[in-house]
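Computed from the coordinates by the stated procedures, all read-outs in this text should not be read as laboratory data. Just so it is clear, the structure is predicted and the values come from calculations on it, not from any experiment. Every residue, glycine as well, gets a Cβ built from its backbone with ideal geometry; the counts of neighbours run over all protein chains shown.
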Amino acid sequence: MRNNKIIKSGLETNIDIFPSAEFKDYFDNINLSDFLVCSNVNLKKNINDDRAVSLKSLNDIKVFVKKASGQKCNYCWKISGVSCERKNCPIK
């Protein structure tokens, strides 16, 4: 997406992760959007989504990256349709 000039930054993305049951428990305890430096991460159950791509080193995890929609928060720089946890967030 970056090479095609669709996004300029990782914070302009939302990532869907399709983990196997083995990995889901690990991901539940991590703030993945901060770890992956993106606006939002969704853990999905259906690992057979045709849009998702398998990771080269882990076949039990698939990912789908899309451009985030909404407004950019001036404080956390994440793009969302709802305000972040900061009380000064301009997104209402």
- Item | Potential extension, GLN71-VAL37 segment - 0.36 nm per residue separation minus Cα distance | 10.6 nm
- Query: How many lysine pairs does segment 10-80 hold where the Cα atoms are under 24 Å apart and the two sit 8 or more places apart or on different chains?
  - Reply: 21
- Task: Give the peptides 49-60, 4-15 in descending order of average Cβ contacts within 10 Å, highest first.
- Result: 4-15, 49-60
- Note on the structure: Burial-style ranking of 62-74, 17-29, average other-beta-carbon count within 10 Å with highest first, yields 62-74, 17-29
- For LYS8 and CYS84, calculate 0.36 nm times their separation in residues minus their Cα-Cα distance, and state this gained length in nm to one decimal. 25.2 nm
- Note on the structure: In segment 17-58, taking the dipole from +1 charges on Lys and Arg beta carbons and -1 charges on Asp and Glu beta carbons about the Cα centre, the listed residue (ASN29, ASN40, SER57) farthest towards the positive end is SER57
- Task: Please find the FRET efficiency linking ASP50 to TYR26, where r is the Cβ-Cβ separation and R0 is fixed at 25 Å, and quote it to the nearest 0.05.
- Result: 0.50
- Over the Cα atoms of segment 10-80, compute the convex hull volume and normalise it per residue, giving Å³. 88 Å³
- Item | Dipole magnitude of the chain, debye to nearest 20 (Cβ charges: Lys/Arg +1, Asp/Glu -1, about Cα centre) | 560 debye
